[in-house]
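What follows is a short report on a single structure.
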Amino acid sequence: MHHYDVAAKVLIDSCRDEILRRFLGIDVVTSDLIEEIPQETVSVRRSDFPMIVDTVDRGKVLVILEIQSFWNERVPLQLLDYRIRHMLAQGLPALSAVLLLKPDRRATDVYQDEELRFGYRLIRLYEMDAEEALLHWPTCLLPFVPLMKNGLPHVQEVEERIYRADVSSIRKADMLTSMTILSGLISEEVIRGILSRRRDLMIESAAYELIRQEGINEGIQQGIEKGIEQGIVQGIERGKIQVMRETVIDLLTIRFGAPSRNVIRTIEGIGDFSLLQVLKSKAMIAPSLRAFAADMKKMLR
C-alpha cells in the first residue's frame, strides 16, 4: 500500500459521511464501507473505497470512490472494473468517482472507446479553495487543506485546529499523520515542520506506526522523525515511478497493441524516474514496438 493510501483509508474511516457530502454532494443518512470484496476482484486495490450509502432522496446506492494521488490512463478502466464487480455483488445502483490529489492535464471524467462511454465524477482537490474549506469544513476534512488551492500557507492553522479539536488524542494523531502524508506530495518542508511540532501526539496513530516501522525495515536508522519523513518521501517517489511505468506501457499498448511480456518485465524493472520519462517520450514517437524495444535495450546497456 502506498503511504497516501494509508492516509486516505484513515480519512475514509473517520470522516466518510462528510467526504460524501462535501465532495460528492450526497445527502447522507448512513454509510458503510464494504470491507469484503467480490472474490473475482483480484485487481481491486486499497485505494478503491466501495461504500453502501443510504441517502435522503435515492435510498440505498453503491458509491465507488477511487482516491488517486497521480493520474494515469488506467484509472477510468479500473474504476469501471470496480463498479461492475461491486454492482454485481450488491445489486444496487452505483455512483462512481475519482478524487485526484495532484494536478494533471490528462485527467478526464469520461472514458470512451468504439463500444463504450463511461462517465464518472472527477473531483479535482487541487482546484478547491483552501480558505473556503477553513471557513465551512468540519475538522476531520482539514487534512486535505494543504493540497488545495492556496493551502500551504494555512498548514500551521490547520495543525492548530486539529490539535485543539474536541476529539480523542488518537483521532487527532490520525488526522495529523494523514495531513503529513498528504502534504508530502507537495512539500518535504511541511513534513519536517509538523513532525518537529507534533511528533509527541502523532506517535499514537496506527498510520504513523505503520510508516515508521516500514522506514526502520528499510534500514533507516536516523530516528523516528527521520524514519517517517523519509518513509513518506520514498513512498511517494515509488508511487511516481510506478505510475510512469504504467504510462509507458499504456502508450505502447494504445499505439501498437499489447507489448510482449519481455518488454513489460523490462519496463517494470526500471527504477529510474528520469529514464522512464525518456522512455515515455520514445513510446510516443517510436515508429514500431520493435524500434522502441531496440532503443530501450541500448539505453539499458
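The values are calculated or read from the model by the stated rules, or taken from the named source; none is laboratory data. Remember, predicted model here, so these are calculated numbers, not experimental data. All Cβ positions, even for glycine, are placed from backbone atoms using ideal geometry, and neighbour counts span all protein chains on display.
Here are some notes:
- TYR111 vs. criteria within 25 Å of MET244 (Cβ to Cβ) and outside any helix (DSSP H, G or I): yes
- Options LEU141, LEU185, LEU122: the member that is under 17 Å from the mean Cα position of the chain (by Cα), not assigned by TED's automatic domain parsing to the domain that holds LEU65 and not in a helix (DSSP H, G or I): LEU185
- Taking region 82-99 as the range and being in contact with an Asp or Glu (Cβ under 8 Å, 6 or more places away or on another chain) and either β-branched (Val, Ile, Thr) or at positive phi (or both) as the test, only VAL98 passes.
- Residues of region 159-180 classified as at pLDDT 90 or above and under 24 Å from the mean Cα position of the chain (by Cα), total: 2
- Within region 59-69, no residue satisfies the criterion of being surrounded by fewer than 22 Cβ atoms within 10 Å (Cβ to Cβ) and more than 20 Å from THR30 (Cα to Cα).
For (1) among the small types (Gly, Ala, Ser); (2) surrounded by 18 or more Cβ atoms within 10 Å (Cβ to Cβ), each residue gets a yes or a no:
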residue	(1), (2)
LEU125	no, yes
GLY151	yes, yes
HIS154	no, yes
ILE162	no, yes
ALA165	yes, no
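- Single condition LEU92 does not satisfy, out of (1) closer than 25 Å to VAL6 by Cα; (2) part of a loop (DSSP other than H, G, I, E, B); (3) in contact (Cβ under 8 Å) with a residue 40 or more places away in the chain; (4) touching a Leu at 6+ places or on another chain (Cβ under 6 Å): (1)
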